[in-house]
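This structure is in structure tokens; I'll ask about it shortly.
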Amino acid sequence: MSKLAAKILTKSGIPPTVEFVTKPKTLPELLNVQRLNAYKMKVMPTHWFDKGFDDCYYEVHRVKYKRYLGEPTHGKAWGILTWKGKQVNDQPRKIKGGLKFNWKPYESPHAQGIYYDAEKAPHVERRRSNMLKAYSDAKKQEA
């Protein structure tokens, strides 16, 4: 639901459920929403996605929640790190930055058909595609 539609439908602004869905989430908040499916869930910080790290994520194996103001918005999580497609550790380790960064569920960009070539996906604004585009433009100007 868009912000405009939420304002039209409600007199007092956006309802709290719509605000929760649209706001960025910390790791405990994200895992609490998926509480039943949190085990073996693949998550990644949003800044990894923004920097173009495609095959980097944590596979969550254990979560311990702490209640803060009646809601389980704080806590700790343990998982196995996969960096650039290679599993870094065999045993789950504590995931650092759970409250510091915004997190999202990991979805493989290759499974969705997203490629980071500037010619195939000009709408993807990433460093690699921008660098490829600048490189191809420079080659065209030279020729």
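Would you be able to tell me the number of residues in segment 49-64 that are open to solvent by less than 50 Å² (accessible area, probe 1.4 Å) and over 20 Å from N32 (Cα atoms)? Working first, answer last.
Filtering segment 49-64 for residues open to solvent by less than 50 Å² (accessible area, probe 1.4 Å) gives 52, 54, 56-61, 63.
Next cut, over 20 Å from N32 (Cα atoms) only: 52, 54, 56.
So the answer is 3.
Mind counting the residues in segment 65-112 that are open to solvent by less than 100 Å² (accessible area, probe 1.4 Å) and of a type in the set (D, E, K, R)?
2
Filter segment 117-133 down to the residues that are modelled with pLDDT under 65 and open to solvent by 30 Å² or more (accessible area, probe 1.4 Å) and list them by number. Steps first, please.
Looking only at segment 117-133, we keep the residues that are modelled with pLDDT under 65, and these are 117-129, 131.
Passing the criteria: D117, E119, K120, P122, H123, E125, R127, R128, M131.
Which is within 14 Å of the chain's Cα centre (by Cα), surrounded by fewer than 16 Cβ atoms within 10 Å (Cβ to Cβ) and either at pLDDT 80 or above or over 25 Å from P92 (Cβ atoms) (or both), of T46, T26? Reasoning before the result, please.
Details: T26 fails: surrounded by fewer than 16 Cβ atoms within 10 Å (Cβ to Cβ).
Checking each option against the conditions leaves just T46.
Could I ask something else about it? What's the number of the only condition in (1) closer than 25 Å to K23 by Cβ; (2) touching a Lys or Arg at 6+ places or on another chain (Cβ under 8 Å); (3) acidic (D, E) that D55 fails to meet?
All conditions are met except number (1).
The values are calculated or read from the model by the stated rules, or taken from the named source; none is laboratory data. Since we're looking at a predicted model, the values are computed, not measured. As a convention, Cβ positions derive from the backbone with ideal geometry for all residues, glycine included, and neighbour counts pool all protein chains shown. For accessibility, only protein heavy atoms count, side chains too; no ligands or nucleic acids. Shrake-Rupley method; radii C 1.70, N 1.55, O 1.52, S 1.80 Å.
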